[in-house]
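Chemist: First the structure, which I've put down as structure tokens, then a few questions once you've had a look.
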Amino acid sequence: MASIRDIAAKTPASRNRAIDFYRAAALTIVVIGHWLASAIFVEPDGDLRFTNILELADWTHWLTWFIQVIPVFFIVGGYANWLSYHSAVRRHRSIGSWITARFRRLMTPVVPFLAVWSAISLGAGLLGVDHSLIRAGSFAVVTPLWFLAVYLLVILAVPATAWLWIRLGWWSIVLGLALAFAVDGLRYATGYDWIGWLNFGFVWFTAHQMGYRWATERTAPAAAPLIATIPIVLGALLVLTLAGPYPISMVGVPGATENNTLPPTAVLAVLALLQYAVVRLFEPAAGRLMHRTRPWLAVVAFHVVMMTVYIWHLPTMAIVVLAGYWAGFGFGIEPLTTGWWLTRPIWILVLAVALAGVIAVFGRFEPRVRTGLPPPVPVLVFGVVASIVAISAGVVLGFVPEEGLIRWWVALLFAAGVVALGAFPSRPNRAAKEGSPAGNPSTRE
């Protein structure tokens, strides 16, 4: 594959580099937010306790208004998907070909990740490690995959949501907000929580539609209306959380009876509106920053391993914690004390170094995306359905069952979907020969 400098140099002048900056910045916030939120310490009796600062102190819930940036991913995803999809249409590529390319790009780095953790789970079980610990660890390491399952559904729906945008424009966002609030109303009125799962569609599709607005506008919005929008939407969030039925925290709080993420509530769609206004307001500054050589090189390099960073940042933390605990080093400071806060930079540095080591091993798979022809339509349909169902089941039910070493039907279904789509890493020499563009923001579909 071409060097990072070569990739960066080939970026078209017309590209909106702010999109790539926001994607990289949002993922960085997610990673650091997860690491900072983890409150891990050794009890006086020697037991290792895993908890979360959101569980320990209510005031930390307000911090989630800054670190819950998943809406940004869907917004910039909408921008990128609109351009990519319509580029494919202009080149007379089939919808199946476009969907296949998108699924391959996102799923390729997941294959070695799940293969490794399945092997670890099986090996730990055979060695007699406590089953409850294996199951809990399995849930923890695959939690980030919820985003992948939802985003794959969003990609699958692009032809329909793009059609909706062409006909309704901003009204499609209004419609999504109305449906999200309607779902919440039915859920709270009836007590049937399963109704809320519909908002995995309405909330995140609404944020994705905002990206369509960004991609299709003829002129950028002026700063004044954006500045005026921010306090209005912020006020709406305050009313919804302080006077309404929604929790203050924008992420799930361990042990809480209500949360805004599982299933997502309409308040996250409102948060998406706020974040849309903010990123658009700072878009000119982000664009200027990205036209500087070193910042752009950093963003391009980050994009080469972005999915690897996302899916491995929590497992890396688990490895560091267990290694430190077994070595009898660290985790003796009570969370949220002054000493604990003062050691957070060291904590982040240690995890960043460890993650860099993991990326050195597994990041090589991410650019090795297969670029061949899509499978026949029946095979494509099976691969798409199998992949989404398997990932969703793994996140919700767990890859490790309550009894047994692994949930075999989930593992086999995922493997079948991967094979059907051709979403497994190609050989290194083939990837180099084809010049895989997976890590190149200038060609990323």
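The values are calculated or read from the model by the stated rules, or taken from the named source; none is laboratory data. Just so you know, these numbers come straight off a predicted model, no measurement behind them. Neighbour counts are summed over all protein chains in view; Cβ atoms, including those assigned to glycine, are modelled from backbone coordinates with ideal geometry.
Chemist: Pull up the stretch 366-387, narrow it to residues that are among the small types (Gly, Ala, Ser) and in contact (Cβ under 8 Å) with a residue 60 or more places away in the chain, then point me to the one that is nearest to MET307 (Cα to Cα).
Modeler: SER387
Chemist: Can you pull out every residue in the stretch 288-336 that is touching a strand residue (DSSP E or B) at 6+ places or on another chain (Cβ under 9 Å) and charged (D, E, K, R)?
Modeler: Selection gives GLU334 alone.
Chemist: Tell me whether the stretch 274-283 contains one or more residues that are among the charged types (D, E, K, R), surrounded by fewer than 16 Cβ atoms within 10 Å (Cβ to Cβ) and more than 18 Å from ALA360 (Cβ to Cβ).
Modeler: Among the residues of the stretch 274-283, not one is among the charged types (D, E, K, R), surrounded by fewer than 16 Cβ atoms within 10 Å (Cβ to Cβ) and more than 18 Å from ALA360 (Cβ to Cβ), which makes the answer no.
For (1) at pLDDT below 85; (2) not in a helix (DSSP H, G or I), each residue gets a yes or a no:
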site	(1), (2)
PHE113	no, no
SER118	no, no
GLY123	no, no
VAL129	yes, yes
SER132	yes, no
ALA149	no, no
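Chemist: Any residue in the stretch 176-197 that is surrounded by 14 or more Cβ atoms within 10 Å (Cβ to Cβ) sitting within a Cβ distance under 9 Å of a residue that is charged (D, E, K, R)? List the pairs, counting only those 6 or more apart or interchain.
Modeler: As it stands, the answer is ARG187/ASP193; ILE195/ASP184; ILE195/ARG187; GLY196/ASP184; GLY196/ARG187, since those pairs meet every condition given.
Chemist: Could you list all residues from the stretch 257-302 that are at pLDDT below 95, farther than 30 Å from ALA182 by Cβ and not in a helix (DSSP H, G or I)?
Modeler: Answer for the stretch 257-302, where residues must be at pLDDT below 95, farther than 30 Å from ALA182 by Cβ and not in a helix (DSSP H, G or I): HIS291, ARG292.
Chemist: Out of the helices (runs of 4 or more DSSP H) lying entirely within the stretch 166-250, which hold 2 or more residues that are modelled with pLDDT of 95 or more and aromatic (Phe, Trp, Tyr)?
Modeler: 170-190, 199-216
Chemist: Now, a different point. Among (1) under 26 Å from TRP65 (Cβ atoms); (2) out of contact with any helix residue (DSSP H, G or I) (no Cβ under 7 Å at 6 or more places or on another chain); (3) of a type in the set (Phe, Trp, Tyr), which single condition is TRP170 missing?
Modeler: (2)
Chemist: Does at least one position in the stretch 93-106 carry a residue that is among the β-branched types (Val, Ile, Thr), at pLDDT 95 or above and more than 21 Å from LEU373 (Cβ to Cβ)?
Modeler: Scanning the stretch 93-106 turns up no residue that is among the β-branched types (Val, Ile, Thr), at pLDDT 95 or above and more than 21 Å from LEU373 (Cβ to Cβ).
Chemist: If you don't mind, another one. List the pairs whose first member sits in the stretch 252-266 and is within 24 Å of THR51 (Cβ to Cβ) and loosely packed, with under 13 Cβ neighbours inside 10 Å, whose second member is at pLDDT 85 or above and of a type in the set (A, V, I, L, M), and whose Cβ atoms are under 8 Å apart, counting only residues at least 6 apart or on separate chains?
Modeler: These pairs meet every condition: PRO254/LEU54.
Chemist: Further question on the same structure: If you go through the stretch 327-348 one residue at a time, how many are part of a loop (DSSP other than H, G, I, E, B) and either free of Cβ contacts under 8 Å to residues at least 24 places away in the same chain or farther than 30 Å from LEU56 by Cα (or both)?
Modeler: So the count comes out to 5.
Chemist: Sticking with this one: Sort through ALA124, ALA101, ALA115, ALA119 and tell me the only one that's touching a Lys or Arg at 6+ places or on another chain (Cβ under 9 Å) and of a type in the set (A, V, I, L, M, F, W, C).
Modeler: When all the criteria are applied, what remains is ALA101.
Chemist: Okay, next question. Please indicate, with yes or no, whether at least one residue in the stretch 311-326 is in contact with a Pro (Cβ under 7 Å, 6 or more places away or on another chain), closer than 28 Å to VAL129 by Cα and touching a residue at least 12 places away in the same chain (Cβ under 8 Å).
Modeler: yes
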